[in-house]
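Undergrad: Can you read through this structure? Questions will come right after.
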Amino acid sequence: MEAVLINGSSLTLEEVEKVCRHNAPVILAPEQEKKVVESRCVVDKLVEEGQVVYGVTTGFGMFCNQVISKSESKKLQRNLIISHAVGAGNNLNRDVVRGIMLLRVNNLVKGYSGARLETINTLIQMLNAGITPLIPEKGSLGASGDLVPLAHMVLPMIGMGKAEYKGQIYHGAQAMELANIPIIELTEKEGLALINGTQVMTAIGALTVFDAMNLLKISDVAAALSYEAQNGIINALDPRLHEVRPHKGQIDTAALLCTLLKNSKNVTEQGEIRVQDAYSLRCIPQVHGASKDALHYVKEKIEIEMNSVTDNPIIFTDTEEGISGGNFHGQPMAISFDFLGIAIAELANISERRIERMVNSSLSGLPSFLIEKGGVNSGFMIVQYTAAALVSENKVLAHPASVDSIPSSANQEDHVSMGTIAARKAMSIMENVRRVLAIELMCACQAIDLRGDKGLGIGTGAAYTLIREKVEKLDEDRPLYEDINNCENLIIDGSLVSAVEEKVGVLAV
């Protein structure tokens with residue numbers, strides 16, 4: 001796979017996904033090496049002159065006024081990592097950890113952090129060799145950066161902690177030895193440079209947004225199949241309706257639904273069967289469109305953050321200063337990730353309502369719970385329960401984390417973002433939404449079979465065909481969780497989007 005060039009300024013969401021999930025190699029842009037060296041020289045000069053610079057010649061947090069002697073400066077950085085590695089909970093997924101390492105490298109190579117080139121190259125070597133530190137998911141307040149999880153990232157670099165290498169878990173020093181990567185001794189500023197930043201929340205959020213962009217496409221495909229299953233009224237997608245309320249996401253969604261449904265013989269005209277559809281069909285462009293607009297906003301914020309300097313203090317080589325500020329504060333990301341969670345959750349909210357309309361015979365005109373021999377068979381009765389449970393859970397998870405704050409470090413750090421919690425919640429919401437959409441896809445295909453297919457649209461036909469290759473029509477009860485898994489896998493591996501795009505072109509979001 002083509003290598004990803006890291007220069008601190010142009011990293012994209014797509015490149016992050018390639019490194020995190022497809023092990024694309026990472027190369028440091030040669031022009032950044034000089035900037036890194038110059039930044040390090042400033043740190044060395046500040047130390048030599050005995051200037052008071054936070055985290056370089058002082059302690060941390062409440063200990064910022066405690067001056068540290070040059071003889072203890074290396075011990076200060078080592079102790080920072082050891083004392084801060086106090087995470088809780090399950091370990092973060094491998095792809096997230098690789099994202100954390102990648103984003104940390106991208107931050108450091110900008111040349112404002114004072115880390116040595118040797119230290120940055122160690123992280124790059126670990127990424128390329130496939131060494132993945134074990135990082136507990138909980139413990140970050142999202143201000144002073146993601147201190148706790150990032151400390152766990154650093155442990156193997158100094159021969160401590162644990163890491164996964166070639167599918168096995170090793171002590172950090174052993175993993176580094178097996179990969180033939182020397183462990184390092186941290187020097188002035190380096191411990192702080194490695195852990196003071198927003199890379200954990202940003203990595204989680206970046207991968208969530210990448211997956212959510214795919215779910216936007218899936219939500220339109222699922223909605224179009226539900227349109228087919230319910231003889232939806234096509235007039236509600238008339239572009240003239242949406243041009244007079246010109247939100248981009250709304251206009252794009254209506255146009256895409258028309259493309260997916262092109263040539264369909266199952267959709268109807270206004271007044272042909274009924275005058276109006278329920279909101280879950282009629283208002284798809286407005287609801288899905290709002291989520292699309294929200295995700296584009298969040299994607300923009302994430303790509304800014306991925307290419308930003310977020311540690312403290314920041315080293316300016318032109319004036320040879322180390323200026324202490326608050327770029328580590330995760331509030332821009334925290335609010336964005338809360339917004340992200342709400343936007344994604346709505347895709348499942350409206351999807352579950354479409355599911356209910358299909359399984360409820362009084363609303364659909366189809367056999368109850370989409371099974372012809374009801375009673376002895378429950379059909380799709382309980383899959384709606386699962387969808388409802390996931391939607392309800394999402395409503396709890398969508399409560400914003402960014403409005404919370406608990407002071408820390410003896411009130412020196414008296415306002416924190418909880419951005420990492422917001423990012424983790426958004427990822428959980430995304431996973432729940434994916435499951436709900438898989439259920440809708442199944443229900444819509446079953447409903448189409450029961451109603452009688454008069455001829456599907458170009459895009460919906462492609463989706464239906466692929467789903468039916470993995471999930472047969474339900475004639476009598478069977479364990480449906482396997483069918484749901486199969487449908488969900490079509491979403492995860494991208495095959496459903498690919499099958500539809502092969503027929504209709506790129507599904508724009």
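Just so it is clear, none of the values below were taken in a lab; they were calculated from the coordinates. It should be emphasised that the depicted structure is a prediction, and the values quoted were computed from it without experimental measurement. Neighbour counts are summed over all protein chains in view; Cβ atoms, including those assigned to glycine, are modelled from backbone coordinates with ideal geometry.
Undergrad: If each residue's Cβ is checked for other Cβ atoms within 10 Å, how do ILE284, ILE233 rank with the fewest at the top?
TA: Numbers: ILE284 28, ILE233 21.
Final ranking by Cβ density, sparse to dense: ILE233, ILE284.
Undergrad: I'd like the distance separating the alpha-carbon centroids of segment 309-357 and segment 149-190, in whole Å.
TA: Between the Cα centres of segment 309-357 and segment 149-190 lies a distance of 28 Å.
Undergrad: If we count every other residue with Cβ under 10 angstrom of MET153's Cβ, Lys/Arg +1 and Asp/Glu -1, where does the sum land?
TA: 0
Undergrad: According to the Cα gyration tensor, what semi-axes, each the square root of 5 times an eigenvalue, does the equivalent ellipsoid of segment 4-197 have, listed from largest to smallest in whole Å?
TA: Whole-Å semi-axes of the equivalent ellipsoid: 26, 20, 15.
Undergrad: What ranking of LYS74, LYS189 emerges when the number of other C-beta atoms within 10 Å of each C-beta is taken as an exposure proxy, fewest first?
TA: LYS74, LYS189
Undergrad: Once the dipole of the chain is set up with Lys and Arg at +1 and Asp and Glu at -1 on Cβ about the Cα centre, which of ILE355, VAL221, THR259 lies farthest towards its positive end?
TA: It is ILE355.
Undergrad: In the neighborhood of GLU305, defined by Cβ-to-Cβ distances under 14 Å, what is the net charge if each Lys or Arg adds +1 and each Asp or Glu adds -1?
TA: Overall, the nearby charge balance is 0.
Undergrad: Note down the nm distance, to one decimal, between modelled labels 7 Å out along Cα→Cβ at GLN270 and at ASP44.
TA: It works out to 7.5 nm between the two label points.
Undergrad: Any chance you could run the full-extension gain for LYS470 through ALA3? It's 0.36 nm times the residue separation minus the Cα-Cα distance, nm to one decimal.
TA: 164.6 nm
Undergrad: Could you work out how far apart the two model spin labels at LYS34 and ALA173 are, taking each label as a point 7 Å from the Cα in the direction of the beta carbon, and quote it in nm?
TA: My value for the distance between the label points is 4.0 nm.
Undergrad: Let's see if you can work this out: charge +1 on each Lys and Arg Cβ, -1 on each Asp and Glu Cβ, no other charges. What is the dipole magnitude of the chain about its Cα centre, in debye to the nearest 20?
TA: 400 debye
Undergrad: By count of other Cβ within 10 Å, fewest leading, how are CYS487, CYS283 ordered?
TA: Going from least to most buried by this count: CYS283, CYS487.
Undergrad: Sticking with this one: Express in nm, to one decimal, how much length is gained between VAL86 and ASP404 on full extension, taking 0.36 nm for each residue of separation and deducting their alpha carbon distance.
TA: Once the chain is fully extended between VAL86 and ASP404, it gains 112.3 nm.
Undergrad: Still on this structure, I have one more. Using θ = phi - 60° and the Karplus form 6.51 cos²θ - 1.76 cosθ + 1.60, what ³J(HN,Hα) does each residue of segment 311-319 get, whole Hz, x for Gly and Pro?
TA: 9, 7, x, 9, 9, 10, 6, 5, 10
Undergrad: If the chain between ALA278 and LYS373 were fully stretched, how many nm would it gain, using 0.36 nm times the residue separation less the Cα-Cα distance?
TA: Extra length available between ALA278 and LYS373 comes to 31.5 nm.
Undergrad: Angle between the Cα long axis of helix 94-108 and the longest principal axis of the chain, 0 to 90 degrees, nearest 10?
TA: The helix 94-108 is inclined about 50 degrees to the chain.
Undergrad: Too long at a 28 Å Cα-Cα cut-off: which of LYS262/LYS373; LYS18/LYS292; LYS301/LYS425; LYS18/LYS301?
TA: LYS262/LYS373
Undergrad: Here's another thing I want to ask about it. Working from Cα positions, state the angle (0 to 90°, nearest 10) between the long axis of helix 381-397 and the longest principal axis of the chain.
TA: Long axis of 381-397 versus the principal axis of the chain: about 30 degrees.
Undergrad: Report, by chain and number, residues whose modeled amide H sits under 5 Å from the one on ASN377, excluding near sequence neighbours (fewer than 5 apart, same chain).
TA: none
Undergrad: Another question, then. How about LYS74: which aspartates and glutamates have a C-alpha closer than 17 Å to its C-alpha, ignoring those fewer than 8 places off in the same chain?
TA: ASP44, GLU48, GLU49, GLU118, GLU185, GLU188, GLU190
Undergrad: Further question on the same structure: Measure nothing but the geometry: give the 0 to 90° angle between the long axis through the Cα atoms of 248-260 and the longest principal axis through the Cα atoms of the chain, rounded to 10°.
TA: Tilt of helix 248-260: around 50 degrees.
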